[in-house]
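The values are calculated or read from the model by the stated rules, or taken from the named source; none is laboratory data. Since the model is a prediction, treat every value here as computed from it, not as a measurement. Positions of Cβ are generated from backbone atoms using ideal geometry, with glycine treated the same way; all protein chains shown enter the neighbour counts. The protein model used for the area step is the full one, side chains on, heavy atoms only, and it has no ligands, DNA or RNA in it. Shrake-Rupley method; radii C 1.70, N 1.55, O 1.52, S 1.80 Å.
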Amino acid sequence: MADDKDVLRDVWFGRIPTCFTLYQDEITEREAEPFYLLLPRMSYLTLVTDKVKKHFLKVMKAEDIEEMWFDFEGTSLKWHYPIGLLFDLHASNTALPWSITVHFKNFPKCDLLHCPSNSVIEAHFMSSIKEADALKHKSQVINDMQKKDHKQLWMGLQNDKFDQFWAMNRKLMEYPTEEGGFRYIPFRIYLTMSDRPFIQKLFRPISPDGHTHTLGDLLKEVYPVAIPNDDESKRYQVVIHGIEPLLETPLQWLSEHLSHPDNFLHISVIPAPSD
Amino acid sequence: MPVSLLWAVDVYGRVYSLSTRGQQWEQCRDAVLEFKRVTAVQQCCWGIACDHHIYLNVHSSDVPIRYQEETFENQRWNPMDNFSDRLLPSDRWQWSNITGLEHQPLDSFFLPSTNWEWEGDWYIDENFGGEPTEKEGWTYAIDFPATYTKDKKWNSCVRRRRWIRYRRYKATDNWATIPSEGRSGPLPDPFNDISCGGWEISEEPRGRLSLWAVSLQGKVWFREGIHHHSPEGDGWEEVSLPGEVVQISCGPGDLVWAVLWEGQLIVREGITRDCPRGSSWVVVDSPNPEAGAIHVAVGDNVVWAVTKDNKVWYRRGINSYNPRGSGWIGMIGEMVMINVGLNDQVWGISCEDRAVYFRQGVTSNELSGKAWKAVNVPRDGDIRSHSSASSSSLHSAGCFFSGEVRAQSVMRACPSSPPPDPPPVDPDEASLREADAKSPPLALVLSPSLSGGPGDPQWSNVDLEETQTHLAVGPAGVRGDAADTCSLSSVATYTLCQEEPYGADEHPLWAWVSGGGCGVDCHSQLNWFNSATALSSSVQSMSLSISPAQTAAWRKQIFEQLSERSKREMDNFKHYEQAIEQSVWVKKGAMQWWRDWKPHKWVDVRFALEQFSGPEGNQDGILFLYYNFNEEKKYLHAFINEVTILVPVLNDSKHTFAVYTAERTKQRWPIRLAAATELEMHDWLALLSVSCCDSRGIQGPPSKQALWSVTCKGDVFVCEPSPSLEACPYPTPCDQMFWHQVGGHLRLVECNSLGVVWGVGYDHTVWVYTGGYGGGFLQGLASSTDNIYTQTDVKCVYIYENQRWNPVTGYTNRGLPTDRYMWSDATGLQECTKANTKPPSPHWTWVADWAIDYGISGGTDREGWQYAADFPTSYHGHKTLKDFVRRRRWARKCKLTTTGPWQEVPPIPLSDVTIIPCGAQSIVEPIPLWAISNKGDVLCRLGVTLLTPAGTSWLHVGTDQPFKSISIGGANQVWAIARDGSAFYRGSVTAQSPSGDCWYHIPSPVRQKLQQVSVGRTSVYTVDQHGNLWFRQGLTPSCPQGSSWEHISNNVRKVSVGPLDQVWIIADKVQGSHSLSCGTVCHRLGVQPMEPKGQSWDYGIGVRPLTLPLTLTHQPIAHGAFTVICLSPEWFVSVMATVKSLYVHVPRGTVFSIAFLCYS
């Protein structure tokens, strides 16, 4: 029988095969070969694309290079979303490998944040963890950690060290047994069709009368449209890490097992394929 | 934790029991009478019914209570009639007991009471001291009080034979009446109180109990002769008293207290092994001079009392030397009665609400506990319509009623009557049904008066049963929208019930509780307490361990989708480059290292583990030890992927472990390290263990083909057989086999190749492998979340008190200068006093005080002494003129608590277990498993399959005497050795008849008592008590018993025959071996299908004693192909041969069963 620990591993070692191609209008000295890479779902685009940059720099002049950014079929990809989320949100149900266009010019300032260095990613990542812990434990756990513990979380992610990361992250996933779960579940629901970047509300894992909240309960509360009515066909897919958990999955369990390293449960609601 | 029962009586005299695993009081249905009081021990429960008679309820067990009656038929030879029953006038009776002094014809045997039945008729015993006799069973002698032989000689003038018949106690799980007969006729007055205990006073006779009773006139009676084979006891003996007693309490040990009418307490003194009744009473004053005591309860080391004002008192200063204690301490809470159960846990009935309370936080360090907690579970009569209601309604009702929402919510719920969702049970119908259920008129009359207004405590009961059902239902019942509507229906049902005059007996009023059979302690997980906890624990179980939801659809879905996802997104793209290059990760620490060169000593070192990705993307690492030598910085390193085993080493002062690599095994010099604290050592061990497993790609639970072994210290190791093990012609050398640890502590482990693994602890507790991994110090990621349970083990530490006789003072502790220490270990070489002897390691804690051990072989006198002419000789249990020295053994129990992927198989403790090597091909096919209980009963486990490796129940296989060794081999051949040293073959064991039909007595080799047996595919080997190894000749399918024993070798301690008839032994006194005590592994060479005996021994290497880290002592018992005695290269090569043949010849269904023996 499979164990819950296996879920953590499977989730951590999720990879998306990606094909990076240089944007056609970029000026090159010779033709740029596409670059193939396995991207970790848990990580951030700008953190894992040094190789991509190096690859394309070989065919470009230094003066033509500005900050690197990516798009998929015209949608600029936000580096501060985890890669898995970007893929689920924009590219699920498309053919693999995921085809990403690489740009070195015309940085879309209105869509994307600048990412001059990894320390920006680290700051973003740590602030997400802190926000998540504020929701989960009133920040008690993260504040009790030392600086080096914070560093271990980040280094674990940066170096793709599952054990190193989870040795520390385990503490963030604990909760008093008598309470039966976190104070609030840190989650974000992303919609492709909406102007809002995402939905985030306070939501407890346990209802006031003591029963366990499920993924279905959460959606009913914050985005009821995503739940299919009995008689109609499914209009939306609710995707976490490329899978569609059943709506009766307990939210607390999802939060413990399917959260991203930033401790948020990133849920994509995407239109169901119409075939 | 095995299931055990808490017993209680309510005010109507109904007896209930509450299982430690259950969540409701089960009424004892067969109790025809109402009961006043009950007193429970683990094996039975005694009670006083309203007719003032005493009743006994013996819990049924897979092993029945059987008693063997025997009598002897005597005959004398005369020239006329040959042997006949015409005896001389001076002779004994024709039918007599063994001594001939008592006349015992067959028809003089009667069942002791109606609670017994005969198992069969009388039959002749044809086993004479381990030797089968002639058909008639006669044994011959020259004259009557003489020695008998089984052979008739020319001068045999008399003969006798033994008849045996078994009777069986049949009244199990039934209240059997105990006649109120004293030694001289019926007792004058009826009983008023009863208390059972005293099982710790003596091991002999087995299952001995003390039963104390108080009559209405205040007299105290002691029941004689209660033990395992006589659960009812013999008769009542009056105990003289200083006053009139109202109530009495008897602990598991020698503590007996009683309460006098006047309110003082009396303490029994002089209770010993030889005199369990004690000798005298001592009066102790009531805690409160104004209000005398009305109730007392004692345990192992505690006394609790209740005074007339319902105050609770705890007696301080109680110990085995001072049963009186020193003073009273007033406790919080008002109780009408108190009972002390197992582990000194305290149970009470509150004065206020008559509920049963449990004292929380009672530990051996804090015997008075912390707080009272109400046991709040429904009774089986209370679960009425709801059990038939739908799960969702139950669940939601639970939510409605939990916490503060009580009466209000009911009010709110009432108006919205007809539920839109069709309720599973119509409210009226439900209450009707419920009324039917409440048949006892007593309840009908009384119940209305008990029902209070809304908000009364009975609601708490409602909460509870609902939430508990919720708990059982688990997440399956968690259904969003349906819940609201359904809940209304169930609430409505409730409201109606409340108004029903019959249904209101909600709040149980308890009168008596007895925890003497209830094996809980302060760490036990009980689901008995108030609703809020029950709820949160249910949530907890949902989100953390998911045990009830293991099979939940959502979970399965996630697993399936994740593996689909991996397939979809990764399988075809493996050739893509990874985005993140693996870098090096270093963990550092400070440790001590046992220096490689002389003088060996612990030196401080810096320790670092560097982890990185290997060339093929696999995890790897290097261990570095930095030390200073002659002011120079040096280091030592070991590659993680070369580490073969990490062994925690017991050491009473340091937290040490040893790291072996193949090279270091050859050198016999592991890297020995000591961490500063236990925690640090465990952190390192866990990290290194994970790192080693990662580097070898081992993840998750051991495979079904894994090799299991146990070290001499009880640590459990597994080894994954790699495909290259069978590679030809250059297989992996065995010193490169990698063993990793699994949590748990076992004395013996047996497995088959199908993944069924059983273990037996040092305390004979039986454990079955659950399929998990990790546990113990392997926490977090190295451990599975599920299938890890608490495991405990208990063993004894022994020391010896030695004395020498001198003409002036007799035996004293003043020995000769050449003598051993007066307090020593078994060898006498090491001084071991009571004070300086520590538990084997810091993980073990003492759980009892030093006690004299009367069970030592050779026997003892009444004070436990054994006598001998001089010290290093054999001891006997009585003093003779030639004896100048004596010794006695003291034992102290220590306990280990750990975790591991093991679940207890209660309740019968085992001493040996054997699983058939090959077998079941389908998951539901039964796997034959045989065992011997620690009492010597032969047992056959039913229902063992791949799906249910624990099986379902034991089938007792009757024997005429206790057994000690058993082995099952190919084609269901079961061989066993009895305690008298004779061998038995079990006939007709097949899949259809798993227990076979009868025992065939196989004569032992002449004048030898057999000790151990091992069965392979076709070979049967035994070892006798003198270390001779015997091979059974002439085994054929038509004659599975064989024809004769052939002597193979001497100086053999243990034999193990593999599934391909490979023979391994542990031999003593092998030439060249330094050690006679530790044994040598030898492998039989030249074993061929046509030559099952083989030709010669390949001697392995003996083990030097006292080099602890070098000796991983595993020893095979049954089919074991593996015996790790010493990590020597030679040995590994030999093992390799076995592994290879196993793999080459038996691709499936091979068995590796490995056990071990502890060498001190």
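In percent, rounded to a whole number, the relative contact order of the stretch B:1-151 is 10, using alpha-carbon pairs under 8 Å and six or more apart.
Hey, got a sec? Which chymotrypsin sites (Phe, Trp or Tyr not before Pro) in the stretch B:320-354 land in a DSSP loop and have at most 14 other Cβ atoms within 10 Å?
On the way: sites: B:TYR321, B:TRP328, B:TRP347; in loops: B:TYR321.
Answer in residue order: B:TYR321.
Keeping all protein chains in place, calculate the accessible area per residue for the stretch B:1001-1040 (probe 1.4 angstrom), answer in Å².
Details: 1680 Å² over 40 residues.
Using a 1.4 Å probe on heavy atoms only, each residue of the stretch B:1001-1040 averages 42 Å².
A Stokes-Einstein calculation at 37 °C with viscosity 0.692 mPa s, built on the Kirkwood radius of the stretch B:248-361 over Cα pairs, returns a diffusion coefficient of 235 µm²/s. Going from the isolated chain to the complete set of protein chains, the stretch A:249-275 loses at least 40 Å² of heavy-atom accessible area (1.4 Å probe) at A:PRO250, A:TRP253.
Could you work out the mean projected area of the convex hull around the alpha carbons of the stretch A:119-267, in square nanometres to one decimal? Write down the numbers at each step before the final one.
On the way: hull surface 40.1 nm².
Dividing the Cα hull surface by four gives the mean projection, 10.0 nm².
Solvent-accessible area of B:LEU896, all protein chains in place: 20 Å² (probe radius 1.4 Å, heavy atoms, ligands and nucleic acids excluded).
Pair-distance distribution of the stretch B:165-205: all C-alpha pairs, bin width 5 Å, starting at 0; shares per bin in whole percent are 5, 12, 13, 16, 26, 22, 5, 1. Principal semi-axes of the equivalent ellipsoid, √(5λ) from the alpha carbon gyration tensor of the stretch B:75-174, are 31, 16, 11 Å from largest down.
Under the classification rounded if a/c is under 1.5, otherwise prolate if a/b is larger than b/c and oblate if not, where does the stretch B:893-1041 fall, given a ≥ b ≥ c as square roots of the Cα gyration tensor eigenvalues? Write out the running numbers ahead of the final one.
Details: a/c = 1.90, a/b = 1.26, b/c = 1.51.
The shape class here is oblate.
Per-residue accessible area for B:CYS522 at 1.4 Å probe radius, Å² rounded to 10? About 40 Å², rounded to the nearest 10.
In terms of overall dimensions, the C-alpha atoms belonging to the stretch B:816-869 reach 39, 28, 16 Å along their principal axes, ordered largest to smallest. Kirkwood's formula applied to the C-alpha pairs of the stretch B:925-1000 gives a hydrodynamic radius of 12.5 angstrom. Taking a sphere under 14 Å around the Cβ of B:TYR867 and counting the other residues whose Cβ falls inside, with K and R at +1 and D and E at -1, yields a net charge of +3.
Here, P(r) means the percent of Cα pairs in each 5 Å bin from 0 to the largest distance; for the stretch B:777-888 it is 2, 10, 17, 18, 15, 10, 7, 5, 5, 4, 3, 2, 1, 0.
If you take all other residues with their beta carbon under 15 Å from the beta carbon of B:GLU34, and give Lys and Arg +1 and Asp and Glu -1, the sum is +1.
When all alpha carbon pairs of chain A are counted in 5 Å bins from zero, the resulting P(r) reads 1, 5, 12, 16, 17, 16, 13, 9, 6, 3, 1, 0, 0, 0 %. Note on A:178-185: average number of Cβ atoms from other chains within 10 Å of each residue's Cβ is 3. Working value for the stretch B:1-120: equivalent-ellipsoid semi-axes of 50, 16, 10 Å, each the square root of 5 times a Cα gyration tensor eigenvalue, largest first.
Provide the net charge surrounding B:TYR169, with neighbours chosen by a C-beta distance below 10 Å and charges set as Lys +1, Arg +1, Asp -1, Glu -1. Provide the component values of the computation, followed by the final result.
Numbers: positive: B:ARG66, B:ARG167, B:ARG168, B:LYS170; negative: B:GLU117, B:GLU232.
With Lys, Arg at +1 and Asp, Glu at -1, the net is +2.
Would you work out if the stretch A:131-215 is rounded, prolate or oblate? Take a ≥ b ≥ c from the square roots of the eigenvalues of the alpha-carbon gyration tensor; rounded if a/c is under 1.5, else prolate when a/b is larger than b/c, oblate otherwise. It comes out oblate by the Cα gyration axes. Given 4 °C and 1.567 mPa s, how large is the Stokes-Einstein diffusion coefficient of the stretch B:177-309 in µm²/s, with Rh as the Kirkwood radius over Cα pairs? The Stokes-Einstein estimate is 87 µm²/s.
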